[in-house]
Amino acid sequence: MPSADRAKRDAGYYAADLVKNGMILGLGTGSTAYHAMVRLSVRIREEGIFVAGIPTSHQTAMRARELRIPLTTLDDHPSPDLAIDGADQVDPLLRLVKGRGAALTREKVVADAAKHLVIVADPGKLVQVLSGPVPVEVIPFAITPVMRAIRTLDGDPRVREGKAKDGPVITDNGNYILDCRFGEIPDPVRLEEQLTALPGVVECGLFCRYMEKTTLVVGEERGCRVVLGRRAQGI
Ligand code: 5RP
């Protein structure tokens, strides 16, 4: 197994082992979060723990059903105990770029609602300075003015195209994704504020507000390295 895949698996399994009986979980999207779900399903089956997950995408919901992980909603459980998710980039302050899988809006809603956020990653995701590209979810009606506004922020926005579909990717919420290149992002907090303030933007893939409640788990050669945010103890 290639080392990045092993690192993702180890990080995912580590995160699943943090889960306690009875917890309500946010279930992230992507290959690393999937490893956590695989391990969780084993724990449900073999240890008899009870958990319920809030999926952040149609893909995650489908995978959770296959793995027999019970599902619930934010309506029934508005404050999940723990969200487990991947990231595309993580900086030393635990700020993130997310959204390669176009699930960033639901991922951010769940991360915001959760008491703790566990980010699972391979070492290739760690960067000194976030540099994107930053995915931005936009309602189709607003795509042209939002692209123009992003150019005034020195960004280069491209409409994400489908791989097995002609034309734009349509998110689980029925919107478009702009992948926006800014080069290195010296002030991601400000850029997140600027992007999310644009009318028609639903969310952007910069996650700068959850550092304190984040636990970062990085799969490494000699086991997992864990970095705790200031309020991340006591999961
Ligand atoms: C999906 C995401 C993913 O969590 C992120 O892209 C990481 O994916 P992977 O674990 O497959 O590398 O933000 O929207």
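The values are calculated or read from the model by the stated rules, or taken from the named source; none is laboratory data. Quantities reported herein were computed from a predicted structural model and do not represent experimental measurements. Note that each Cβ is placed from the backbone with ideal geometry, even for glycine, and that neighbours are counted across all protein chains shown. The area values use the complete protein model at the heavy-atom level, side chains included, leaving out ligands, DNA and RNA. Shrake-Rupley method; radii C 1.70, N 1.55, O 1.52, S 1.80 Å.
Quick notes on this structure:
- Intensity falloff of the chain expressed as log10 I(q)/I(0), Debye formula with alpha-carbon point scatterers, at q = 0.09, 0.14 Å⁻¹: -0.36, -0.87
- Label-zone membership for the stretch 29-43, site M62, 7 angstrom Cα→C-beta point, backbone N under 16 Å: 29-31, 34
- Qualifying trypsin sites (Lys or Arg not before Pro) in the stretch 44-114, DSSP loop, other Cβ atoms within 10 Å at most 12: R68
- In a fully extended conformation the segment linking E161 and R45 would gain 37.8 nm over its present Cα-Cα distance, using 0.36 nm per residue.
- Two tests apply to each whole DSSP H helix in the chain, Cα reach of 15 Å or more along its axis and mean Kyte-Doolittle hydropathy of at least -0.5, and the ones passing both are 31-47.
- Here the chain exposes an accessible surface that is 51 percent carbon and sulfur, computed with a 1.4 Å probe and the other protein chains kept in place.
- Heavy-atom surface of the chain, accessible at 1.4 Å and reported per residue (Å²): 48
- With the helix formula -39500 (n - 2.57) applied to DSSP H stretches of n ≥ 4, the chain reaches a computed 222 nm mean residue ellipticity of -9000 deg cm²/dmol.
- Loop-located trypsin sites (Lys or Arg not before Pro) in the stretch 148-227 (DSSP state other than H, G, I, E, B) with a sparse environment of at most 16 neighbouring Cβ atoms within 10 Å: K163, K165, R209, R222.
- Residue range of the chain that is longest and free of GluC sites (Glu not before Pro) which are both DSSP loop and sparsely packed (at most 12 other C-beta within 10 Å): 1-183
- 10 Å-binned pair-distance histogram of the stretch 146-235 (Cα, whole percent): 14, 33, 28, 22, 3
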